[in-house]
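Where a number appears in this text, it was derived from the coordinates with a stated rule and is not lab data. What you see is a predicted model, and the numbers here were worked out from it, not measured in a lab. Cβ placement follows ideal geometry from the backbone for every residue including glycine, while neighbour counts extend to all protein chains displayed.
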């Protein structure tokens, strides 16, 4: 295939008008970034399909008219993002990015922007209610079985805040998978990666948090099993509101940043891109 773009030098400078007829140069765009952007556009537009070969590094060097290190660095960016892969012959293929790879970068950005628990809670409420509604409409027997297994493991994790937090995060991920809605899954994945430290502190300091979690998960599963969207939404709203109440009862203000929770946990780092 051919990538419809030729780069004439290893740097491209963009200009912007300021006042009158005067212009100030912006920072040069590295050529490897232009290479990565060009290939990414082909994949995201559908002109290059997942599994389709995009050539070798040597072939891309000729197409883009740049040196090999420029192409190699551009390919590295795309591999990190999960948009391309190599086979044993070193040929490059387009692929669908993994959810977690996409989400890690956004999660990191949220932390760098010092998002608060209150902001995270508002977004999570909206997303999880939509997930519960969709799961009640579309869940399969296999999806229900996975949710029930998660609930059984949660009941066995009493007294282990870290494991309870992990299982709670897993429950909501399984519920979203049961919805069958890929847009919801992509939308909620970045914020879901930030939930664990908020729930762990609740399970550590609020005794009634665990039984209320188990109760809510049980009722949500029951509603999904009966394909009762109204009940699923009702219990999800209660569940997410309990999360906010527990966070405050654990001694945290709603404007506390999520990044500060990670910093308070020794040996744990926030998501990395």
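Okay, here's what the table says:
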item: Gain on full stretching of the segment that runs from residue 126 to residue 56 - 0.36 nm per residue minus C-alpha separation; result: 20.8 nm
item: Coordinate range along principal axes, alpha carbons of the range 100-264, Å, largest first; result: 40, 34, 24
item: Packing rank of 188-197, 132-141, where each peptide gets the mean count of other beta carbons within 10 Å, highest leading; result: 188-197, 132-141
item: Tensor-based shape of the range 182-273 (alpha-carbon gyration tensor, a/c under 1.5 rounded, otherwise prolate or oblate); result: oblate
item: Three-way shape call for the range 181-233 based on the alpha-carbon gyration tensor, with the a/c threshold at 1.5; result: oblate
item: Label-point gap, in nm, between residue 183 and residue 144 - each point 7 angstrom along Cα→Cβ; result: 2.7
item: Estimated distance in nm for a label pair at residue 249 and residue 234, the labels positioned 7 Å out from Cα along Cα-to-Cβ; result: 2.2
item: The range 236-260 versus the range 171-197: alpha-carbon centroid distance in Å; result: 18
